[in-house]
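Reviewing the structure listed below.
What follows is calculated from the coordinates using simple rules that are stated; it is not laboratory data. Worth saying up front: this structure is predicted, and the values here are computed from it rather than measured. Glycine gets a Cβ as well: all are built from the backbone with ideal geometry, and neighbour counts include every protein chain shown.
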Amino acid sequence: MLDTNRIGEAADILRNGGVVAFPTETVYGIGARAYDEQAIRRIFAIKARPHNNPLIVHVASIEQVDSLVADIAESAKNLMATFWPGALTIVLPGSARVPQVITGGLTTVAVRMPDHPVASTLIRLLGEPIAAPSANRSGRPSPTHVEHVHRDVGNDVDMVLDGGTCRIGLESTVIDMSPDIPCILRSGAITIDMIQAAIGQVTLHSPSNSTTEPKSPGMQQRHYAPNFRIIPVPRDAWAQTLDEWRNSDKPIGILCHRTAVQDESVTFYRHIPGTDEEYGKGLFAAFLDAETANIDVLLVETVKEQGVGIAIMDRIRRAQAIEKDNLNES
Ligand code: TXA
Ligand code: MG
C-alpha cells in the first residue's frame with residue numbers, strides 16, 4: 001500500500017533543500033528539487049560523481065516538461081505519448097531555467113516520467129520536477145532493492161523511501177532527439193525496435209566503435225569494476241567453461257539464466273530463470289550479492305542481443321572490467 005504520509009514527509013524534506021532516495025520502476029534514484037542547485041550539488045558529492053555527468057530530471061506531467069525544455073519536436077511528443085510514464089529518458093534542448101549543475105554545462109536536458117506510484121506521488125506532492133541519478137555511488141551498480149540503497153548511500157541521504165524491488169531493474173533507455181536521426185545513448189527495457197515502431201529510424205550509439213565525442217558524458221567514465229572478474233558464458237558453453245574453472249583454486253560464482261547449471265558447490269550461485277526481462281530485473285542485485293560472497297570470478301550467462309538483451313549485454317560488458325576506459329556511466 002502506498003504510504004502517502006511518508007511520501008509527504010519526503011516531499012517536505014525536498015522542499016526544504018534535502019535529498020531523498022526513492023524507487024522508480026527501473027532502479028532507485030537519489031532526488032532533489034531540480035531548481036535547488038545546492039541540493040543538486042549534494043547529490044554529486046554523495047555519489048562522488050564527476051560534475052560533467054548530467055542528471056535526469058523526473059516529471060509527473062507534461063506541463064512540468066514545458067518549464068524545463070526550450071522546444072518539444074513532434075517526434076519527441078510522440079515518444080512521450082507512446083512510452084510515458086515509463087523507462088524512456090528523452091534528451092531535449094534545455095530551457096534557460098534548468099540549472100547548469102544538472103546539465104553539466106550542456107545545452108540539452110534529459111527528462112523522464114517514471115512509472116512508479118511512489119516516484120510519481122513524490123513529484124506530485126512536491127509539485128515540481130525532481131533531478132535524480134541512480135542511487136549508487138559513482139562506479140557502482142544501480143540499486144534495484146531497497147537494502148542495496150541503504151548499504152550504498154543510506155547514511156548520506158535524508159530519507160530512503162521503500163519501494164521493495166524495482167520492476168525493470170535496468171536503467172532507462174536514453175534517447176537524444178537533437179540529431180536529425182535520433183540516437184539511443186543508453187539501451188534499456190524500451191528497445192530500439194519499440195522506438196522505431198513509434199517514430200521511425202533511430203541509431204544506436206555504440207561507445208566501443210564511436211569515433212566522435214560521446215554525447216552522453218557519463219558514457220566516458222570508468223566502468224563499474226566489481227571486486228571479481230566477469231567471464232561471459234554463452235548458454236551452450238556452460239559445460240566447457242565449468243570444466244575450465246571448476247578445478248581452479250579460486251572461489252568462483254555462477255549467474256545462470258536459460259541454463260539451470262547443476263553446480264551449487266560453487267561459492268556463489270544464482271539462477272534467474274524465465275524471460276530476458278526477468279534476467280534483467282535481477283542482474284544488478286546478483287552482481288551486488290556476488291560482491292559480498294568474496295569470489296574471484298563470476299561466470300555470467302550471456303543472452304542474444306535482441307530486445308532487452310541489448311541492454312543486458314551492455315550492462316554485462318560494462319561490468320566486465322575490460323581494459324578500455326570508456327564505457328560506463330554512474
Ligand atoms: O532509470 C533511470 O534512468 C534512473 C532512474 C533513477 O530514473 N536514473 C539514472 O540516472 O540511471 P543516471 O544519472 O545514473 O544516468 C543518467 C544517464 C547518464 O549516462 C548521463 O550521462 C545521461 O543519462 N544524461 C543525462 N543528461 C544528459 C544529457 N543532457 N545529454 C546526454 N546524456 C545525458
Ligand atoms: Mg547511474
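If only the Cβ of Lys and Arg carry +1 and only the Cβ of Asp and Glu carry -1, the dipole of the chain around its Cα centre is close to 440 debye. Among P114, P273, P179, the residue with the largest mean-square fluctuation in a Gaussian network model of the chain, with springs joining Cα atoms closer than 10 Å, is P179.
Geometric descriptor of segment 147-211, per residue, is 156 Å³ (volume of the convex hull of the Cα atoms).
For segment 229-326, dividing the convex hull volume of the Cα atoms by the residue count gives 100 Å³ per residue.
Judged by the mean number of other Cβ atoms found within 10 Å, the most tightly packed of the peptides 24-32, 12-20 leads the ranking 24-32, 12-20.
Nearest 10 degrees is fine. How inclined is helix 4-15 to the longest principal axis of the chain, computing both from alpha carbons? On a 0 to 90 degree scale, this one is about 70. The residue list T144, I46, V65 was ranked by how far each Cα lies along the charge dipole of segment 4-209 toward its positive end, using unit charges on Cβ atoms, and I46 comes out on top. Set the Cα radius of gyration of the chain against 2.2 N^0.38 Å, with N its number of residues, and you get 0.98. Relative to the 2.2 N^0.38 Å rule of thumb, segment 44-136 has a C-alpha radius of gyration ratio of 1.04. Considering all different alpha carbon pairs of segment 110-188, the Kirkwood hydrodynamic radius works out to 14.4 Å.
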